[in-house]
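Read the figures in this text as sums done on the coordinates, not as results from a lab. Since the model is a prediction, treat every value here as computed from it, not as a measurement. Cβ atoms come from the backbone with ideal geometry, glycine included; neighbour counts cover every protein chain shown.
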Protein chains: 2
Amino acid sequence: MLSIGIDLGGTNIAAGVVTSEGKVIAQAQRPTLAQRPWQQVVEDMAEVSLDALAMAGVGVEQVHAIGVGVPGNYDRKNGVVVFCTNLGWHNVPLREAMRRYIDVPLYADNDANVAAFAEAMAGVSRNVYSSLLLTLGTGVGSGIIVDGKIWSGSHGVAGEVGHMIYRAGGEQCTCGQRGCFERYASATALIRIAREATMRYPDSEMKSIPPERMNAKTVVDAARRGDEAAMEAFDEYTTHLSLGIVSCINVFDPGMIVLGGGVSRAGDFLLEPVRRKVEKQKFFKALPIGGVELATLGNDAGIIGAALLHRT
Amino acid sequence: MLSIGIDLGGTNIAAGVVTSEGKVIAQAQRPTLAQRPWQQVVEDMAEVSLDALAMAGVGVEQVHAIGVGVPGNYDRKNGVVVFCTNLGWHNVPLREAMRRYIDVPLYADNDANVAAFAEAMAGVSRNVYSSLLLTLGTGVGSGIIVDGKIWSGSHGVAGEVGHMIYRAGGEQCTCGQRGCFERYASATALIRIAREATMRYPDSEMKSIPPERMNAKTVVDAARRGDEAAMEAFDEYTTHLSLGIVSCINVFDPGMIVLGGGVSRAGDFLLEPVRRKVEKQKFFKALPIGGVELATLGNDAGIIGAALLHRT
């Protein structure tokens, strides 16, 4: 049983042919060129899927489902992308439009939900009853999985943990609100915190890095080398991240918390302080909580999760 | 089909005989006297249940289940109250102990979960797939219901929305953390905010109220009468409450948010600004969200929810 998974991003469209166990046997990609009319983007989504099939030496008749992770909100009932801010899409009839090119059942969901689903089906949170994935990138994406299904909530808007209020009245968020969790736990937040720390440490090695080249890895690398400003910034960052995780545990107590996205590439350097601080800050001191783990599927999560959406 | 519901509080034990539709046909109560050994409290829980049965003219053989709402954490698998801070209970074998007096299956859960369950079975959130109850009292209790079941999370610690971090680094909470939601959305928080406002308004009518007599109703009544300090305080309070509700919506998007507890007695005076602010502050402006409603079962929620726990 094979299916196609499409990871629709603001920059690239990636598609892969995926087995029912979540193994990618071939993949292809092309640029999204998001400014084009949506019809052309959908046509390319179909073509890149056919490219991947050709590379796998598989005919379209061997494919029983197609799945898409969209950077926005998808209405499953009507098969419509309600909106994708990055692509400028509003009410795009994705299911109907794709059917003209590849006539198999189409499933779609928000990309962070898809990544969480991928980890729960074929990654670190496999066989865990409920899990929460946080992708620590430009913002904080998130997806909640319960009993092998994406928890989309009652109106399809659940899983926006990045916009949980974390410090009411705090940093201005792009969403219009102040103090959203992603202002404190994203890669963007780590960079901001590091810049502030650099002001207090004139000898910091980060002082010489031009602002446009500063990223999460720069800060992590400097902290690993013992740069005081970077260490202090990373410590503040992991405190915020841990407190937000504790919030999520206090609200819905997932069986596992999975960290993905750019900052998670810091590996154990991130995991060790986060696990320690979550344990220290948890509410019920005497009771166990879900473990914090690193995502294992990396960039393939989008393709794998999308390809397996037919299971939901 | 009748069952017994017991609401075990720090001050009183209340028990009721309840129909399968959630109607209380008789109830009785006696003081908890929480300092006693737990064995004596359990004996009184049984006796007050028998009192309620006698008042209803019903024999114990007509009762098929007994349910208990405990102000703490209950381990369903082992039938043990893991802890009840107010009662000083630790690892109390409630199921086994009650069986000596009334030998029917016993169910128990945290009291806020039980109240949420009551509203979902027989109150305002009946027939709603998922709901969140917030009880606005000394603290903020909460319970999450999904598909007619209490969502207890993976380790039985879900539904502590009062200890969601709302303003990291903010007000000190009794739990040891800073900035928990209940420090901004409980009746206690409303009183604190009103006191602070009174400092800025020397003419406030609240100025003459002795601190020990100040409560949520005092503030609400003064605000209704147009007292500026009280109006400002209540406005700040509803902003906090609404933002916290928006956080919950962004995380798990319940079908309905139900408000109970002391502050909810303000009725529409509370509901109108909260609904307006939640709508204004929501993340997905174009998508619908769950409605905010008042709990309808009042003080009986604890008995009704406990009595119906056998359905979970």
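Kirkwood radius for the range A:1-140, taken over all pairs of different Cα atoms as the inverse mean of 1/r, rounds to 15.4 Å.
Springs between Cα atoms under 10 Å define the GNM used for chain B, and in it the highest mean-square fluctuation of B:176, B:123, B:22 occurs at B:176. Using a 7 Å projection from Cα along Cα-to-Cβ, the label point at residue A:174 is separated from the same position in the remaining copies by 4.1 nm, smallest value first.
Using R0 = 30 Å, the C-beta based FRET efficiency linking residue B:171 and residue B:126 works out to 0.25.
Taking other C-beta atoms within 10 Å as the exposure proxy, A:51, B:235, A:203, B:109 rank A:203, B:235, A:51, B:109 from fewest upward. Relative to its residue count, the range A:217-271 spans a Cα convex hull of 67 Å³ per residue. Summary for residue B:11: label point 7 Å along Cα→Cβ; distances to the equivalent points in the other copies, ascending, 6.1 nm.
Could you identify which residue out of A:255, A:267, A:162 has the top mean-square fluctuation in a GNM of chain A using Cα springs shorter than 10 Å? Greatest mean-square fluctuation among the candidates belongs to A:267.
In nanometers and ordered shortest first, the copy-to-copy spacing of the residue B:96 label point, defined 7 Å from Cα toward Cβ, is 6.4. Peptide B:279-288: average number of partner chain Cβ atoms within 10 Å per residue? For this peptide, the per-residue mean of nearby foreign Cβ atoms is 5. By the compact-protein rule of thumb, 2.2 N^0.38 Å, the alpha-carbon radius of gyration of the range A:1-74 corresponds to a ratio of 1.06. Cross-link check: pairs B:207/B:277; B:77/B:149; A:77/A:149 evaluated at a Cα-Cα cut-off of 19 Å; pairs beyond the cut-off: B:207/B:277.
Relative contact order of the range B:71-222, taken over Cα pairs closer than 8 Å and 6 or more residues apart, is 13 percent.
With K and R counted +1 and D and E -1, the other residues having a Cβ less than 14 Å from that of residue A:299 yield a net charge of -3.
Mean per-residue shielding of peptide B:169-182 is 3, counting Cβ atoms of other chains within 10 Å of each Cβ.
What does the charge add up to near residue A:60, with Lys and Arg as +1, Asp and Glu as -1, over the other residues with Cβ less than 14 Å from its Cβ? In short, -2. Each label point was placed 7 Å from the Cα along the Cα-to-Cβ direction; for residue B:12 and residue B:76 their separation is 2.9 nm. About the centre of its Cα atoms, the range B:192-312 shows a dipole size close to 240 debye [charges on the beta carbon of Lys, Arg (+1) and Asp, Glu (-1) only; nearest 20 debye]. For the range B:151-247, trypsin sites (Lys or Arg not before Pro) are listed when DSSP marks them as loop and at most 16 other Cβ atoms sit within 10 Å of their Cβ; the list is B:225. Taking all Cα pairs closer than 8 Å and separated by 6 or more residues, the relative contact order of the range B:1-138 comes to 22 percent.
In whole Å, what is the distance between the alpha-carbon centres of the range B:53-128 and the range A:65-85? Computed from Cα coordinates, the inter-centre distance equals 43 Å.
Per-residue shielding of B:148-157, expressed as the average number of other chain Cβ atoms within 10 Å of the residue Cβ, stands at 6.
In this structure, the amide hydrogen of residue A:158, modeled 1.01 Å from its nitrogen in the peptide plane, lies closer than 5 angstrom to those of A:153, counting only residues at least 5 positions away or on a different chain. Per-residue ellipticity at 222 nm, computed for the protein assembly as shown from helices alone with -39500 (n - 2.57) per DSSP H run of at least four residues, works out to -11000 deg cm²/dmol. Placing +1 on each Lys and Arg Cβ and -1 on each Asp and Glu Cβ, with no other charges, gives the range B:1-117 a dipole about its Cα centre of roughly 160 debye. Taking θ as phi - 60° and the Karplus parameters 6.51, -1.76 and 1.60, the scalar couplings of the range A:74-87 work out to 10, 9, 4, 4, 9, x, 10, 7, 5, 7, 9, 4, 4, 9 Hz in sequence order, x denoting glycine and proline. Considering only B:102, B:209, B:165, give the residue with the highest GNM mean-square fluctuation for chain B, with springs between Cα atoms whenever their separation is below 10 Å. It is B:209. The value given for chain B is a Kirkwood hydrodynamic radius of 20.2 Å, derived from the mean inverse Cα-Cα separation. For trypsin sites (Lys or Arg not before Pro), the sites in the range B:45-110 that DSSP calls loop and that have at most 11 other Cβ atoms within 10 Å are B:77, B:100. Taking Cα centre as origin and charging only the Cβ of basic (Lys, Arg, +1) and acidic (Asp, Glu, -1) residues, the dipole magnitude of the protein assembly as shown rounds to 320 debye.
Of all DSSP beta bridges confined to the protein assembly as shown, the antiparallel ones make up roughly 60%. In the range A:175-269, Cα pairs under 8 Å separated by at least six residues give a relative contact order of 32 percent.
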